[in-house]
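Beneath this line is the structure, given in structure tokens, with notes to follow.
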Amino acid sequence: MEALLKLLSDNVAGYGSLASPLQYLLPMVLASLCCIALVALFPIVAVYAERKVAAHMQDRLGPMRVGGWHGWAQTIADGIKLLLKEDIIPSEADRVLFKLAPLVVFAGGFASLVVLPFGASVIVSDLNIGVLYVVAISSLGVVGIIMAGWASNNKYALFGGMRAAAQIVSYEIPAVMAILTVVIPVGSLSTQEIVRAQEGGWLGIGNWFIFKPVTAVAFLVYYLASLAEVNRTPFDIPEAESELVAGYHTEYSGMRFAFFMLAEYVNMFVVSAIGATLFLGGWNSPVFGGPVAFMLKSVALVFVQFWLRWTLPRLRVDQLMYVSWKVLLPASFVLVILAGALAVR
Amino acid sequence: MSVFDIVFCIVALVTIGSAAIVVLSRSLIYSAFALLFTFFGVAIVYVMLGADFLAATQVLVYVGGILILLLFGVMLTHRLYNLNLKTETFQLIPGLLIALAVFTSLALAATQTHWKRVEKPVAATTETIGKLFMEEYLLPFEIASILLLVALIGAAMLVRRRSDA
């Protein structure tokens, strides 16, 4: 955002003579508009890609008709359909919380975009608590999910909401520990500092944390935990169709349902982008750096999420808790101790 | 009135308003969800004071941990709506006196203290806090973690199934 402010004041005549709050407000509005554009466009592409990936993995074709070429307009049509659908609120639902919940869930995902380092100067705000901020703000989504589950006044929704909350809270701990193994050698929580620490090295990729012994394992721990945090298979028991209908958003339709879907895909992107920032060198690349490299890495990690979803079966609840508390958590503690030992060497 | 003051007023209103809902609402579930806005409001006040690490920790611990546990607890309670939370012995006069006394002492403390003014906001607090924890305040830090460990073991003891029962 500082770069945007500088760009505006250098290139727009008389920008410096504007009132000082307005000078800061304009870049803020522009940056938020960019984020909203990303949040609106990414799910459209990602839902289409997911359906295509899923179809080809199962030897099907997927959407082929809408829009002509390989059904490219399918998700746009689906989106318009969602907007036009009747807005239904169950008569026994808690109306205030029912309306508030999708917004709270969406706000949690949207707010995380602030610290994603798309490029050396392409970042909304380089907070010096960057990674901690993402971890903290994502807890907003959990509260929103419980809110949706409770307000629907539906046993499946309530079960889905409570499962989701229990799962996200459990997997947050190994994820944060895995993040710590990167923060310790870098010595900063700022996402830009972490990316800069991975510059250079062998072939321009040698300093990426995924190629270093301790953090390579930490990447696995982080990625597994992040799958659980965004409720993706094999950890998608909060919305297990066969037992819970659709989980916490069972009673939602139309625009409010669309908000949950947007939030889900935004969260998928955010955890992948944080993974790319921490372990895959962020916007560093031996060939071409900047936003393109960052987006490619993030999208590649999103693709792996699709891949796992259409390959693996769903875990049972007890297996899910076993993986978190008895496998990932001890492993991540060992990793943090090793990272600390390497740092003081 | 600067932009900073206006933002502060909005945040203060939201914080105090949601705190009032927490106390006055007759439904436990609304009280619990209103806490979300109170905690966030306090976090924003920390941000405005330049304490960024503290703000993130506030959200992480209170919204991400305590509020969610509280919601689970509330959902397991028997009656959620139309609760009468007043105690049997309702003592208006002593209650008012105590509230007044607390308010006056807090107000006096806020107005009479010679606050140390910092002209420029501290750049990054994370490193300073970490160093202080690991050097100057190591003993209190470790004692707090032992206390938490004891609480954890105690909780595990309480919920453990007895083998003889």
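The values are calculated or read from the model by the stated rules, or taken from the named source; none is laboratory data. Note that the structure is a prediction, hence the values are computed from the model and not measured. Note that we place each Cβ from the backbone using ideal geometry, even for glycine, and neighbour counts take in every protein chain shown. Protein only, heavy atoms only, side chains kept; ligands, DNA and RNA dropped before computing areas. Shrake-Rupley method; radii C 1.70, N 1.55, O 1.52, S 1.80 Å.
Things worth noting here:
- Across region B:23-30, rounded Karplus estimates of 3J(HN,Hα) from the backbone phi angles (6.51 cos²θ - 1.76 cosθ + 1.60, θ = phi - 60°) give 7, 9, 4, 8, 10, 4, 5, 5 Hz, Gly and Pro being marked x.
- Choice from A:VAL304, A:VAL182, A:VAL105 with maximal GNM fluctuation in chain A (Cα, 10 Å cutoff): A:VAL304
- The phi-based Karplus calculation (6.51 cos²θ - 1.76 cosθ + 1.60; θ = phi - 60°) puts the 3J(HN,Hα) values of region B:145-161 at 5, 5, 4, 5, 5, 4, 4, 5, 5, x, 4, 5, 4, 5, 8, 6, 6 Hz, whole numbers, x for Gly and Pro.
- Under Karplus coefficients 6.51, -1.76 and 1.60, residue-wise ³J(HN,Hα) of region A:114-123 in Hz, glycine/proline x: 4, 9, 6, x, 6, x, 4, 10, 9, 7
- The largest-to-smallest principal axis extents of the Cα set in region A:90-343 are 61, 38, 31 Å.
- Note on chain A: GNM, Cα springs under 10 Å; of A:MET255, A:MET177, A:MET64, the largest mean-square fluctuation is that of A:MET64.
- Separation of the alpha carbons by more than 26 angstrom is noted, of A:LYS85/A:LYS155; A:LYS85/A:LYS297; A:LYS6/A:LYS297; A:LYS99/A:LYS297, for A:LYS85/A:LYS297; A:LYS6/A:LYS297; A:LYS99/A:LYS297.
- Accessible surface for region A:1-84, divided over its residues, is 65 Å² per residue with a 1.4 Å probe.
- Across the options A:SER298, A:PHE269, A:ALA225, the greatest Cα extent toward the positive end of the charge dipole of region A:221-327 (unit charges at beta carbon of Lys, Arg, Asp, Glu) belongs to A:SER298.
- At a probe radius of 1.4 angstrom, the accessible area of region A:90-246 per residue rounds to 33 square angstrom.
- Per-residue mean of C-beta atoms belonging to partner chains within 10 Å, peptide A:21-28: 1
- Volume per residue of the C-alpha convex hull in chain B, rounded to whole Å³: 216 Å³
- Built amide H within the under 5 Å cut-off of A:GLY282, gap 5+: A:THR277
- GNM flexibility winner over chain A from A:ALA151, A:ALA165, A:ALA37 (Cα, springs under 10 Å): A:ALA37
- When chains A and B come together, the accessible area they lose, probed at 1.4 Å and totalled over both chains, is close to 2100 Å².
- Within chain B, the longest run free of exposed loop sites, counting chymotrypsin sites (Phe, Trp or Tyr not before Pro) that sit outside DSSP helix and strand states (H, G, I, E, B) and have at most 15 other Cβ atoms within 10 Å, spans B:1-80.
- Cα shape, region A:287-345, gyration tensor, a/c 1.5 rule: oblate
- Gyration tensor (alpha-carbon) shape descriptor, region A:1-84, a/c threshold 1.5: prolate
- Exposed GluC sites (Glu not before Pro) absent - longest run of chain A, DSSP non-H/G/I/E/B, at most 13 other C-beta within 10 Å: A:93-345
- Test item: A:128-141 mean partner chain Cβ contacts at 10 Å: 5
- Per-residue shielding of A:184-191, expressed as the average number of other chain Cβ atoms within 10 Å of the residue Cβ, stands at 2.
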